[in-house]
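Submitted below is the structure of interest, expressed as structure tokens.
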Amino acid sequence: MSTPSASPSTAPSAAPVGPRPPRPDRRHRRSLAALTVLATLAVGCSALGGAPEQDAGRSSVPAAPPAVAAAEAQAGAQAAPAVQAAQAAQAAQAAQAALAAMPAARPQAATGQELNGRVSAAEHEAVVRQALAAAQRWGLAGLPLRAPAPPAVKPELADGPGVKRAAGLPPVVYRVPTSDRVIFLTVDDGAEKDPRFAAMAAELGVPMTAFLSDYLARSDYGYFRALQAHGVGIDNHTLTHPDLRRLGPDALQREICGQQDRLQQETGARPRLFRPPYGEYTEAALRTAASCGVTAVPLWNEEAFPDHLEWRYADQKFHPGDIVLTHFRAPAADWKGTMPDMLRRVVDAATAQGFAVARLEDYL
Ligand SMILES: [Zn+2]
């Protein structure tokens, strides 16, 4: 069952519909020529890319990225100028999306400059080539959208929809208050340490936050240090994953603050974020977490699996600021696929609904 959860017709890269564009002038024709180079490059990637990965349990063949479709359409030299202009707009969108897919480490400021043509065509082409190749290699239905620049000031976490806040306690957050069309991916526990998942996230530049429970993560903290090196936040999910509602003060201290110390030792950074196992917590648990450095408690609205998404709300859609839960898990009866299958499903659903995956730590 790998039917995509969103229709390609809702993809943001669909051809613009509107009044007939004006006949291109000379300057327009020049930029059109430049875009044709980009689009042609996209076709080259398509030819060079070879077959997409064959993951166990995957039965659908991904559609060509929008830039490839645009380029193929553009290859028809007989196309009318109006059609060409529409195709150029489409190719521009695809190029922008390609830039969006670059790893998070890429300086934000460079993107605008590149789109303004202030860097060399060769560099621009390399960026597009890399992004398209990564999207294609991992079987995405389209190019992921790039998250906007992080907010200059983090959103205020007042008690309200998506945030539960009591005086003196860290806020519990299901949805970050923001109008940015972003969602946040959070990956829990730490049992499965799939190197292909780490490679996929790094190559696509998809940010995420890992909430680690020591008893599962400790067999290889090196795996999580490698994720951290690619910008993944490493945060606290207790030492042994107990139901915190059953614990007294000493056990709360050991489970929560003990894992703060452990993660600081393993990663060099003391977590600021804490997720209680099962999403269950008490006031005493929040107070204990605050006492050892926790400033916010992210829970979740949606949950991602390799073969489906579970939605909090009846509209079955993401909302700006939604936190998405998933797990480091191996294929199993209730986990039908691989970690890359899960990531592909989340990114494709976000892209189809016009959302980018952003870094939770930039907002919380
Ligand atoms: Zn858990």
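The values are calculated or read from the model by the stated rules, or taken from the named source; none is laboratory data. As the structure is a computational prediction, the values presented were derived from the model and not from experiment. Cβ coordinates were reconstructed from backbone atoms using ideal geometry, including for glycine residues, and neighbour counts include every protein chain displayed.
Within the set of pairs 6+ apart or on separate chains, which have a first residue in region 267-281 that is free of Cβ contacts under 8 Å to residues at least 60 places away in the same chain and among the charged types (D, E, K, R), a second that is within 12 Å of the ligand (Cβ to nearest atom) and assigned to a loop (DSSP other than H, G, I, E, B), and C-beta atoms under 6 Å apart?
Here the result reads Glu280/Asp243, each pair linking region 267-281 to a residue that is within 12 Å of the ligand (Cβ to nearest atom) and assigned to a loop (DSSP other than H, G, I, E, B).
What helices (runs of 4 or more DSSP H) lie completely within region 193-279 and have 2 or more residues being away from the ligand (no atom under 16 Å from the Cβ) and over 24 Å from Asp322 (Cβ atoms)?
It comes to 195-204, 221-229, 249-252, 258-267.
Here's another thing I want to ask about it. Here are Asp315, Asp307: which of them is assigned to a loop (DSSP other than H, G, I, E, B) and without any contact (Cβ under 8 Å) to a residue 60 or more places away in the chain?
Answer to the selection: Asp315.
Being without any contact (Cβ under 8 Å) to a residue 24 or more places away in the chain and over 26 Å from the mean Cα position of the chain (by Cα) is the filter here, so list the residues in region 215-257 that pass it.
Across region 215-257, the qualifying residues are Arg246, Gly248, Asp250, Ala251, Arg254, Glu255.
Within region 286-301, can one find any residue that is without any contact (Cβ under 8 Å) to a residue 60 or more places away in the chain, within 16 Å of the ligand (Cβ to nearest atom) and on the phi < 0 side of the Ramachandran plot?
no
Here is a yes/no grid of residues against (1) of a type in the set (A, V, I, L, M, F, W, C); (2) at pLDDT 90 or above; (3) buried (at least 19 other Cβ atoms within 10 Å of the Cβ); (4) not in a loop (DSSP other than H, G, I, E, B):
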site: Ala86; (1), (2), (3), (4): yes, no, yes, yes
site: Ala98; (1), (2), (3), (4): yes, no, yes, yes
site: Ala110; (1), (2), (3), (4): yes, no, no, yes
site: Arg129; (1), (2), (3), (4): no, no, no, yes
site: Gln136; (1), (2), (3), (4): no, yes, yes, yes
site: Gly139; (1), (2), (3), (4): no, yes, yes, no
site: Ala149; (1), (2), (3), (4): yes, yes, no, no
site: Asp188; (1), (2), (3), (4): no, yes, yes, yes
